[in-house]
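The values are calculated or read from the model by the stated rules, or taken from the named source; none is laboratory data. Predicted model only: the values in this text are computed from it and were never measured. Neighbour counts are summed over all protein chains in view; Cβ atoms, including those assigned to glycine, are modelled from backbone coordinates with ideal geometry.
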Amino acid sequence: MTSPAPRDWAAMLGRTSFIELEARARAVALLDDGTARELCGPFDRIESPWLEPQGVVPESDDGVVVVKGGIDGRPAVVIGVEQAFQGGGIGEVSGVKIATALSLAARDSRDGTPTAAVLLLETGGVRLQEANLGLATVAEVCSALLELRALQPVVGVVAGALGCFGGMSIAAGLCTKLIMTEEGRLGLNGPEVIESEAGVAEFDASDHTLIWGVTGGAQRTRTALADMLVLDDVAALRSAVRDAVAQGVPDEHRSQRIGELRARIEAVDPADPPEPSKLAAVWADAVPPKGGLR
Amino acid sequence: MAQAGTRNWTRRRTAKRERLEAVRPFTSGRVLDPGRVPEALQALLRPGDRVALEGDNQKQADFLAAALAGCDPDAVHGLHLLISSISLPEHLDVFERGVARRLDFAYAGPQSVRMAQLLADGKVEVGAIHTYVELYARMFVDLIPNVALLCAEQADREGNLYTGPSTEDTPTIAEAAAFSDGVTVVQVNELVDKVPRVDIPGDWVDLIVESPRPFAMEPLFTRDPRHIGQVEIVMAMMALRGIYERHAVTTLNHGIGYDTAAIELILPTYGEELGLRGKICKHWTLNPHPTLIPAIESGWVESVHCFGGEPGTERYVAARPDVFFTGGDGSLRSNRVLCQLAGQYAVDMFIGSSLQIDADANSSTVTEGRLTGFGGAPNMGHDARGRRHPSPTWLDLLTGEAPVVRGRKLVVQITQTFRAGGTPAFVESLDAIQVGKDAGMPVPPIMIYGDDVTHVVTEEGVAYLYKAAGPAERREAVAAIAGATPVGRHIDQRRVDALRRDGLVALPEDLRVDVRRAKRSLLAARSVEDLVAWSGGLYDPPARFRTW
């Protein structure tokens, strides 16, 4: 293996880690100072009714925090998933909190208060204890996200090594812009799920080089499935989120470029997949940039 | 010709000559054909031979172990194996197939369950479970090997060996065999024209074989700071104030674990704030722990002598020769026996984690159904009575009756009162007692004897056991910091207060430790990426620790 690419070591050591903060503090950190106001917080005591019967202690915010405030002076809502609770799994209550927050932002946007949204997606997907309800709410999340993104940007952030998997990775795919760190991961099925379903020969979940080579932030950004790769640092994330919000709503979202995405899938032979390091080149060949030579 | 009744004084030498003659068809000079190693071993070995198979704490002569396990039990049987660390399945396959019968070892961590099973099935006779240096010592006394199967990074055709950063036990075992007319066989990763440095001279080495793949090596001393939580941090803060600062500990050994990693990682932050840099933690005997990098980089550490290497730290260590022992080629030179010796006689403190501690502070990592053995912890975790040189720290724990007084080494056990899953760390009877009985051992496999333990640290506080007037008071001091465990739950608050007044127990407030500050932000590095950053990119963490 080659030695790591040169980095700015002083910047790394001087940083304030974003992912080290809990979800509430992360959400507040992205908003303009003094503007944060939590909606449907823990003191509203809306807990999941499904966990206690299964021997899991519920939490009063069900692992999702919704905080309103300003981003560079524009109204915004930050929705943060707390990965320390149930691996960031989305249940009935937490899913509805996300979907409702997005819907309300869409309503405000239509009513003359354009409200952008930021999703902090540290999540393994649907919470297994609430399987069907969780799936249903993830569908609602996606639906509300589609409603809002036509009006205002919805920015996704995947900052930690837990990553964003399962149903919530679909939400990540629908985001207007997606920001990742090198430690962040993104994929539909998590590596452990693939290994247990298809065998270790298909995907070795203990092979970190392989896993981050396929699902890691650097690869996802290189292959244009994410848009910005930033250091896990509060100031860097804050500035990246601000830029993404400022760019507004594009003419066409990534998830709408179906032809391009299909061409990418066709360019890869699953029986003989390219090395992760070659994938960006394979895909660049398959889908030349707009206005390019091919 | 020898006269009748005259003793033959060169039987071992003759046997060695015959053995080497028997393997000649498989060799070219000293070099064995890798494809014919099982046949060669079969020709070399004789039933009942005592064979030292290099299974160190970290590196493993895995190619030779597999070849040995593949020997025909009709030709080779009844071997007596000496293995310090039983890490590979092949180490036990040898017994299952009947190639070997008797075993003397020190540690069986990864194979401890199967080890217990083989013992119960009567497939293996265990001579004894040793500590590391104890087993090596016996290789020079009553367990002299006939054959040593070793590993090294490189060899030249004269047999000169380069063991690389992880020298560990190779020179010691080689010496035991080479100077008793034993046969030394070494698997090497690479045969070269010239080795970068000679760790073992060629005339100690009889046979070398180039292994098809590099020897197995585990990153046992790497702890990801991500897994260090507030409880480890509060214990680290108390240890620093209540022990390191109070006794001015400058020479020390850290056992491996998240508890000690937390201490290493708060030196550049909390330790710096306390103004302790240059006053404590200057000279170390320990492996190149990646979590020590921030302390080294911020000027705390003057020297480190290592038992072995640690995968990923090679370039970092080579770039810090003022701190680490390195050869002319630039790479680390480690040596387990010498580092253990240093740990016994030259350092003032050992601190390490335990799985179970009883009311008398006896400590053990043996749990139900596992025969793990000891490794090196007991070597480090005791007061070496052969020590005579004083140091302020050693003299701080003055013991004995005047005028014959002596100092004492600090032996510190650090653990949370409950481990993961709600298992109490403080118990009325150690599992080791029952395991010892079940395995028919004459004495229970205690890792660190309670009477050697001078301090115990938990999240509740620090117990200064060396100050106790007698066994009853020692037990009270242990109970006072044992929380809600079976050992701790009955002590009366008034007794705890009395013990605090007498200085036998210190709670966080007694040590002026503000528990509210025990946050992960106090760690100089909070992830493996941070450790890489501290090293300026010189540390190359093994893939399993990379999350990028």
Just wondering, is there one or more residues in the stretch B:249-257 that are assigned by TED's automatic domain parsing to the domain that holds B:P508, farther than 28 Å from B:T326 by Cα and either buried (at least 24 other Cβ atoms within 10 Å of the Cβ) or free of Cβ contacts under 8 Å to residues at least 12 places away in the same chain (or both)?
-> no
When you scan the stretch B:322-364, how many residues do you find that are assigned to a strand (DSSP E or B), more than 23 Å from B:V457 (Cα to Cα) and not polar (S, T, N, Q)?
-> 2
Residue check: is B:A432 more than 16 Å from B:F350 (Cα to Cα) and surrounded by 12 or more Cβ atoms within 10 Å (Cβ to Cβ)?
-> yes
Check A:R242, A:R149, A:R257 and return the single one that is more than 14 Å from chain B (Cβ to nearest Cβ), farther than 25 Å from B:D530 by Cα and touching a His at 6+ places or on another chain (Cβ under 9 Å).
-> A:R149
Mind listing just one residue for me: the one in the stretch A:116-133 that is surrounded by fewer than 24 Cβ atoms within 10 Å (Cβ to Cβ) and of a type outside the set (A, V, I, L, M, F, W, C) and, of those, farthest from A:S48 (Cα to Cα)?
-> A:N132
Among helices (runs of 4 or more DSSP H) lying entirely in the stretch B:453-548, which contain 3 or more residues that are closer than 22 Å to B:P424 by Cβ, free of Cβ contacts under 8 Å to residues at least 60 places away in the same chain and within 14 Å of chain A (Cβ to nearest Cβ)?
-> none
Of those in the stretch B:391-429 that are surrounded by 17 or more Cβ atoms within 10 Å (Cβ to Cβ), of a type in the set (A, V, I, L, M) and out of contact with any Gly (no Cβ under 8 Å at 6 or more places or on another chain), the residue farthest from B:T260 (Cα to Cα) is B:V427
Within the stretch A:216-234, residues surrounded by 22 or more Cβ atoms within 10 Å (Cβ to Cβ) and either within 11 Å of chain B (Cβ to nearest Cβ) or more than 27 Å from A:R15 (Cα to Cα) (or both) come out as A:G216, A:G217, A:Q219, A:D232
Where B:I266 falls short, out of the listed (1) in contact (Cβ under 8 Å) with a residue 60 or more places away in the chain; (2) touching a strand residue (DSSP E or B) at 6+ places or on another chain (Cβ under 9 Å); (3) surrounded by 20 or more Cβ atoms within 10 Å (Cβ to Cβ); (4) closer than 23 Å to B:V513 by Cα | (2)
State whether the residues of the stretch A:8-20 include one that is more than 14 Å from chain B (Cβ to nearest Cβ) and either surrounded by fewer than 20 Cβ atoms within 10 Å (Cβ to Cβ) or over 20 Å from A:A139 (Cα atoms) (or both).
-> no
Scanning the stretch A:169-189 for residues that are away from every other protein chain (no Cβ under 14 Å) and not in a helix (DSSP H, G or I), the one modelled with the lowest pLDDT turns out to be A:N189
Among B:V141, B:V185, B:V147, which is the only one that is in the same structural domain as B:S211 (by TED's automatic domain parsing), on the phi < 0 side of the Ramachandran plot and without any contact (Cβ under 8 Å) to a residue 12 or more places away in the chain?
-> B:V141
Within the stretch B:172-201, the residues that are small (G, A, S) and crowded, with 24+ Cβ neighbours inside 10 Å are B:A174, B:A177, B:G182
Restricting attention to the stretch A:169-207, which residues are charged (D, E, K, R) and either under 22 Å from A:L237 (Cα atoms) or surrounded by 15 or more Cβ atoms within 10 Å (Cβ to Cβ) (or both)?
-> A:K177, A:E182, A:E183, A:R185, A:E195, A:D204, A:D207
Among the numbered criteria (1) under 19 Å from the mean Cα position of the chain (by Cα); (2) outside any loop (DSSP other than H, G, I, E, B), which single criterion is violated by B:P445?
-> (2)
In the stretch A:225-247, the residues that are part of a loop (DSSP other than H, G, I, E, B) and touching a strand residue (DSSP E or B) at 6+ places or on another chain (Cβ under 9 Å) | A:L225, A:A226, A:D227, A:V230, A:Q247
Filtering the stretch B:84-106 down to residues that are crowded, with 20+ Cβ neighbours inside 10 Å and touching an Asp or Glu at 6+ places or on another chain (Cβ under 8 Å) yields B:S84, B:S85, B:S87, B:L88, B:E90, B:L103, B:A106
